[in-house]
């Protein structure tokens, strides 16, 4: 655990590069939305979530060589990076829940905006919004880490092959039935499914990073 914390501190040596991109993007899109006079613009919140995927990619692709050069093992670097990403997701989920509460209390920031409320997914009690946001941000960060490892190990061709394998797996299933089942789940049930995916992605990334060479 001490090593994992040291890895997290290593990433936070320049915290702006880790924390700022998602929140700066969200603030900019929210400001544009307000300037437009309100209305609903949930793409901004979706972009915020996708930024966690981008940060996950960057944390591995850009920092793994330096971490290994400092004597960290692949396993400790991976675990520490995942710990920091999940911790950041936990805190960010709380902030989203708080902003959603303010949005409700102010009648949509005085402009009838539903920026932080997404029907079915993020529109329940604060704890449900926090939990779903936390798990959703975590899965995207971990998924991004896996992509970063694949790119670091095999380059662009490896990423394309990785995507192709996932597409082939997806095509092998009847997603109409799966999609119908997922649509029938409650937000918390769907959060449980996403949490299971997070574990799968963590295991996949861990298996991939074990054979990475500097």
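The values are calculated or read from the model by the stated rules, or taken from the named source; none is laboratory data. Computed from a predicted model, the values in this text were never measured in an experiment. Every residue, glycine among them, receives a Cβ derived from its backbone with ideal geometry; neighbour counts consider all protein chains shown.
Looking for whichever is in a helix (DSSP H, G or I), out of contact with any helix residue (DSSP H, G or I) (no Cβ under 7 Å at 6 or more places or on another chain) and either surrounded by fewer than 14 Cβ atoms within 10 Å (Cβ to Cβ) or modelled with pLDDT of 90 or more (or both) here; the options are 137, 157. Which one fits?
Within the list 137, 157, the selection yields 157.
Residue by residue through the range 195-214, note down the ones that are within 23 Å of residue 131 (Cβ to Cβ) and free of Cβ contacts under 8 Å to residues at least 60 places away in the same chain.
196, 197, 199, 200, 203, listed by residue number.
Quick check on my filter: what residues within the range 85-106 are touching a residue at least 24 places away in the same chain (Cβ under 8 Å) and farther than 13 Å from residue 23 by Cα?
85, 86, 87, 90, 94, 97, 98, 100, 101
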